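Data block below; observations after.
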């Protein structure tokens, strides 16, 4: 696929919640007319309450606030915050039914996983960070490692278009009124950076994010660095990574080192052997839980967003990534990735990997078999 980049944007890379949440609150506190917020998780915790309070203050000033959260991702986490928002005259919609995680009906697994915010049709945020306190992770580790991007410029209009479309669709499905007219989009030139919003849905954009990755990897000449929390790609993606490494491109993967979801953790390791044999470098992040979904290719092409490289993101969920064609932005993201690889990750050595204990290899292949079975049940084909 050929991406149509928009110029004139000003992009700010935000690392972790300690940069993202204050930036959100500042934008909300400066809002004058309209806010759209989409998120997979909106938690009843300190961070959620602070964001909710900023939204309520905006609504009290007459700002029209729209909040859309996923029914499964926020299940059991959102009720108190939802009541607070509703009491503040804020429109709240829930995307999809609150299904059981054991439900395998494909339409019920199609979740809202993207994280988009638009304020006054002037500033937007896209990334992978949920509205949840990322400091409170299991076993009191450091904050989850993740990224978002603050956007000013023509690209804001594309983010607003996506947010409005989905809000309108969920409104009608919920027998509610659609979104009101928004202020004129501020499409003025704010910077020099070129970027495009790439989404995945179950209509016209089923494979757009994966296709954007594949085009960039196949065209890489020097380096591919990918950081992804939940990594379980299909055949096409794995082949592209191996082919790049074999033609002399440095391919480095920064993946989840801590055990968060047991089945995916061990199943994904069944892919390590063929990648390592092709010359791919694998780093496992152990300092905290990795939640990032980013990449830098040839030090110019970069992406930041919500999409993992796994069946859930690439086939079922609604996702959104910003793809950037800019040396400065890509260098900043690359430098951040390399710093985290040095300070928080362990290299997976090929020789040691192929000499693991038998019990661990059995565990990995059993997990892989179970994961493949589940993928077959939801229709995740082997050619992806």
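Quick notes on this structure:
- Number of the exception - residue 81 against (1) outside any helix (DSSP H, G or I); (2) at pLDDT below 95; (3) buried (at least 20 other Cβ atoms within 10 Å of the Cβ): (1)
- Selection count, region 295-307, where residues are touching a helix residue (DSSP H, G or I) at 6+ places or on another chain (Cβ under 6 Å) and buried (at least 24 other Cβ atoms within 10 Å of the Cβ): 4
- Taken as a whole, the structure places residue 259 among residues that are in the same structural domain as residue 371 (by TED's automatic domain parsing), modelled with pLDDT under 95 and in contact with a helix residue (DSSP H, G or I) (Cβ under 6 Å, 6 or more places away or on another chain).
- Of all residues in region 213-230, at least one satisfies being surrounded by fewer than 17 Cβ atoms within 10 Å (Cβ to Cβ) and either assigned by TED's automatic domain parsing to the domain that holds residue 160 or within 30 Å of residue 141 (Cβ to Cβ) (or both).
- Look at (1) in contact (Cβ under 8 Å) with a residue 40 or more places away in the chain; (2) surrounded by fewer than 17 Cβ atoms within 10 Å (Cβ to Cβ); (3) farther than 29 Å from residue 110 by Cα and you find that residue 365 fails only one, number (3).
- Residue check for residue 310: surrounded by fewer than 20 Cβ atoms within 10 Å (Cβ to Cβ) and either on the phi < 0 side of the Ramachandran plot or at pLDDT 90 or above (or both): no
- Residue in region 35-53 that is more than 23 Å from the chain's Cα centre (by Cα) and surrounded by fewer than 19 Cβ atoms within 10 Å (Cβ to Cβ) present: yes
The values are calculated or read from the model by the stated rules, or taken from the named source; none is laboratory data. Quick caveat, the model's predicted, so the values are computed rather than measured. Heads up, the Cβs are rebuilt from the backbone with ideal geometry, glycines too, and the neighbour counts pull from every protein chain shown.
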